[in-house]
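This report concerns only the one structure given below.
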Amino acid sequence: MASLRNLKIKTSTCKRLVKELTSYEKEVEREAAKTADMKDKGADPYDLKQQENVLAESRMMVPDCRKRLEAAAEDLKGTLVELEETDEKEGPEFEEARNIIADVEKLFESSEV
C-alpha cells in the first residue's frame with residue numbers, strides 16, 4: 001500500500017538522481033577538457049594515461065545513473081498512480097511528484113535528440 005510518506009521519499013530520490021546525473025555529465029565535460037589540455041601541452045604519458053582512466057570512469061557513471069533514474073521515475077509513477085486510485089489526488093506532495101516526473105521525462109527527451 002502506497003502512502004504519502006513513500007511518495008515523498010520516492011520524489012526526493014528522483015530529485016537526488018537528477019542532480020547526480022547532471023553532476024556526472026558536468027564532470028565528464030570537465031575531465032574531457034582536462035585530458036585534451038594535457039594532450040595539447042604534451043604531458044607525461046603516465047599522467048595522461050591516469051587522466052584518461054579518470055575520464056573513462058566518469059563516463060561509465062553516466063549510463064549507470066541514467067538507469068537508476070529511469071527505475072526511480074517508474075517507481076514514482078507507480079506510487080503516484082496507486083495513491084490517485086485511493087482518491088488522494090491533491091496536495092503539494094502530488095504536485096511536486098508530477099513536476100519531478102515531467103522534469104525527468106524532459107531530461108530524457110533532450111538527451112535522446
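The values are calculated or read from the model by the stated rules, or taken from the named source; none is laboratory data. Just so you know, these numbers come straight off a predicted model, no measurement behind them. With ideal geometry, Cβ positions are generated from the backbone for all residues, glycine too; neighbour counts draw on all protein chains shown. Please note that ligands, DNA and RNA were not included when accessible areas were found on the heavy atoms of the full protein model with its side chains. Shrake-Rupley method; radii C 1.70, N 1.55, O 1.52, S 1.80 Å.
Quickly estimate the mean residue ellipticity at 222 nm for the chain, helices only: each DSSP H run with n ≥ 4 gives -39500 (n - 2.57), and the total goes over all residues, rounded to 500.
-32000 deg cm²/dmol
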Quiz prompt | Candidates per GluC sites (Glu not before Pro) in region 1-100, loop by DSSP, up to 12 other Cβ within 10 Å | solution = 90
Quiz item: Once Rg and Dmax of the Cα atoms in Å is worked out from the coordinates, which option in (i) 14.5, 45; (ii) 12.7, 37; (iii) 19.2, 65 does it equal?
Solution: (iii)
Exercise. Quick one: pull the percent of accessible area on region 41-113 belonging to carbon and sulfur, 1.4 Å probe, ligands and nucleic acids left out.
Key: 52
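Under unit Cβ charges (Lys, Arg +1; Asp, Glu -1), what dipole magnitude, rounded to 20 debye, does the chain have relative to its Cα centre?
Values: 20 positive and 28 negative charges, 83 e Å.
Dipole magnitude for the chain comes out near 400 debye.
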Practice problem: Would you work out which of 102, 53, 4 lies farthest towards the positive end of the dipole of the chain? Charges go on Cβ: Lys and Arg +1, Asp and Glu -1. | Solution: 53
Quiz item: Of 8/67; 49/106; 19/106; 10/67; 19/77; 10/34, which pairs sit farther than 26 Å apart, going by alpha carbon to alpha carbon?
Solution: 49/106; 10/34
Self-check item: In region 1-99, the trypsin sites (Lys or Arg not before Pro) that fall in loop regions by DSSP, at most 12 other Cβ within 10 Å
Solution: 41, 89
Self-check item: Dipole axis of region 50-113 (+1 Lys, Arg; -1 Asp, Glu on Cβ), positive-most option in 81, 69, 92
Solution: 69
Exercise. In whole angstrom, note down how far apart the Cα centers of region 1-50 and region 80-107 are.
Key: 27
Quiz item: Measuring with a 1.4 Å probe in the full set of protein chains, what accessible area per residue, in whole Å², belongs to the chain?
Solution: 66
